[in-house]
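Here the structure is laid out as structure tokens; the discussion comes afterwards.
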Amino acid sequence: MNLKNTLLKQILVRIALLVLPLLGVYLMMVFTYDPHKYCTANEHRHTMGPVGYLVLGVFVTMVWVLAIVFELIWRYFKKDWKISITVYLLLVLAISLIIFLV
């Protein structure tokens, strides 16, 4: 029973670490975005403001997933740190290559 409790707590902590920043992005959008900021008289000039917040939310999610992957690698190779560092370096190299090619 103790193992299930610990596992459930770990899952809830990780989900909370994703939900709280996403909630912050959402609240930032709700309180700071004004779609009618550039409207003049009868001309409606809506901006693409929510797209930036969507990109920010996707970035937060990607960082969260990478953190989970790094933690899993660290936990799996905790005893053999040379392999762990090699895997980290390969992951950073692959991510840098993907970013450079895109």
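All of the numbers you see were taken from the coordinates with simple rules; none came from a lab. Because the structure is predicted, anything quoted here is derived from the model rather than measured.
With the Cα gyration tensor of the chain giving a ≥ b ≥ c as the square roots of its eigenvalues, does the rule (a/c under 1.5 for rounded; else a/b larger than b/c for prolate; else oblate) give rounded, prolate or oblate? Show your work: numbers first, answer last.
Numbers: a/c = 6.16, a/b = 1.81, b/c = 3.40.
Oblate shape, in that a/c is at least 1.5 and b/c is the bigger or equal ratio.
Using the Cα gyration tensor of segment 44-91, with a ≥ b ≥ c the square roots of its eigenvalues, what is the shape: rounded (a/c below 1.5), prolate (a/b larger than b/c) or oblate (neither)? Don't skip to the answer; put the middle values down first.
Details: a/c = 9.76, a/b = 4.27, b/c = 2.29.
The shape class here is prolate.
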